[in-house]
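The values are calculated or read from the model by the stated rules, or taken from the named source; none is laboratory data. Given the structure is predicted, the values throughout are model-derived calculations rather than measurements. When we count neighbours, we look across all protein chains shown, and the Cβ atoms used for this are built from the backbone with ideal geometry, even at glycine. Heads up: the accessible areas ignore ligands, DNA and RNA and are worked out on the full protein's heavy atoms, side chains in. Shrake-Rupley method; radii C 1.70, N 1.55, O 1.52, S 1.80 Å.
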Amino acid sequence: MSEVRLEQVVAGYRRRPVTAPLDLALAPGVHVLLGRNGAGKTTLMRTLAGILPPLSGRVRVDGTDIAEDPDAKRRIGMLSHRAALAPQLTVRDNLDFWATIQGLPRDERARRIAGAAERFDIAALLGRRTARLSRGQLQRADLARLLLTDPQVLLLDEPLTGLDPVSAAATRELVRDWAADRTVLYSTHSVPEALTLASGILVLKDGTIASLPAEADREPGFELRRTPSAASTREDGWTPVEVGPDTTIGDVVAGLVRDGVTVSDIRPVRADTETTVHRLLGGVS
Ligand SMILES: Nc1ncnc2c1ncn2[C@@H]1O[C@H](COP(=O)(O)OP(=O)(O)OP(=O)(O)O)[C@@H](O)[C@H]1O
């Protein structure tokens, strides 16, 4: 089990910071990273993987700075949405090359490649050049590549993109299995996918990260029954009213009286997870 920690990490490119200084600790489990296009999810993941050096700050795995210790960096593996496999090489040569640069001896490489081929159902593809694989086949080969060295921290950048529903479901199952004893950071644009997988949801916006608050801490709101404006009433007869964090039920009633609105009932509610995620992403004001 490994923990990853960001300490005042600014992720970005030369002369172009993408994030503010970030502090974040990720324990084993699936942490889903959401953010609008261009928010910086890939940039952040590449920084966590040690592919892109942070403009400032440190990335630590189990307390060790990955910039100072190659063994700590090897505990992290990243799956990009563009596969990290050379198109002119066969799948077997790609896997063997990857295992070689990770320092595995020949016998061990052959053993692990055979195991990964079975696990990811790519035995029949080992002799094919990766340029000739379909998107889903390439994805499976890249997952096999990633898991050859059994990294304890997995960074998965939109791993289901382009997969058919059966392959997507199988990959989701794998992610759940891995997260039992590994730390997984998983980026996606799908809020429902995030909700089914995540033990924690992180939203990257304007260079900063917000964690989804626990249900009990969600922003409160109120619902009214039988308002005169039937058009804004939901099928169940209740109409949601959004309010600020300190608004009391008395404030809502006073507002209704002032506006001459009659209601038969009023009840406090808390925003559901999906609404809260959309609000954090900036889609709902
Ligand atoms: N190699 C690069 N050099 C300079 N800027 C880059 C580079 N790659 C990405 N950027 C910029 O960094 C910002 C963040 O991009 P990034 O790809 O990390 O966002 P993202 O959240 O992964 O987006 P998407 O959801 O569209 O994949 C964008 O403004 C992008 O233009």
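Structure above, values below:
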{"item": "Pairwise centroid distance, computed over Cα atoms, of the range 180-205 with the range 72-88, Å", "result": "19"}
{"item": "Carbon/sulfur fraction of accessible area - the range 4-211, other protein chains in place, 1.4 Å, %", "result": "49"}
{"item": "Pairwise label distance in nanometres, ASP150 with ARG176, each label 7 Å out on the Cα-Cβ vector", "result": "2.3"}
{"item": "Angle in degrees between helix 249-259 and the longest Cα principal axis of the chain, rounded to the nearest 10", "result": "60"}
{"item": "Rounded to the nearest 10 Å², the accessible area of ILE51 at probe 1.4 Å", "result": "90"}
{"item": "Computed label-point distance, nm, for sites ALA84 and ALA25 using a 7 Å Cα→Cβ extension", "result": "2.7"}
{"item": "List TRP178, TRP98, ordered by accessible area with a 1.4 Å probe, largest first", "result": "TRP98, TRP178"}
{"item": "Local net charge near ARG60, Cβ-Cβ under 15 Å (Lys/Arg +1, Asp/Glu -1)", "result": "-3"}
{"item": "11 Å beta-carbon shell around ARG234, net charge (K/R +1, D/E -1)", "result": "-2"}
{"item": "Distance from the range 235-272 to the range 114-178 (C-alpha centre basis), Å", "result": "50"}
{"item": "Expected 222 nm ellipticity per residue - DSSP helices of 4 or more, -39500 (n - 2.57), all of the chain, to 500", "result": "-9500 deg cm²/dmol"}
{"item": "Computed accessible area, VAL263, all protein chains, 1.4 angstrom probe, square angstrom", "result": "50"}
{"item": "Net charge, GLN8 excluded, C-beta distance under 9 Å - Lys, Arg +1, Asp, Glu -1", "result": "-1"}
{"item": "Tensor-based shape of the range 1-70 (alpha-carbon gyration tensor, a/c under 1.5 rounded, otherwise prolate or oblate)", "result": "oblate"}
{"item": "In degrees, nearest ten, helix 135-147 long axis to first principal axis of the chain (Cα)", "result": "70"}
{"item": "Computed accessible area, PHE97, all protein chains, 1.4 angstrom probe, square angstrom", "result": "120"}
{"item": "Listed residues ALA117, VAL30, ALA169: farthest to the positive end of the dipole of the chain (Cβ charges)", "result": "ALA117"}
{"item": "DSSP bridge orientation in the chain - percent antiparallel, rounded to nearest 5", "result": "60"}
{"item": "VAL166 paired with GLU242, simple spin-label distance in nm, labels 7 Å along Cα-to-beta-carbon", "result": "4.2"}
{"item": "Hypothetical label at ALA131: residues of the range 74-106 whose amide nitrogen lies under 11 Å (7 Å Cα-Cβ projection)", "result": "87-90"}
{"item": "Charge-dipole axis of the chain as Lys and Arg at +1 and Asp and Glu at -1 on Cβ define it, positive-most pick from GLY250, VAL203, PRO105", "result": "PRO105"}
{"item": "LYS205 long-range amide H proximity, modeled H, under 5 Å", "result": "ALA210"}
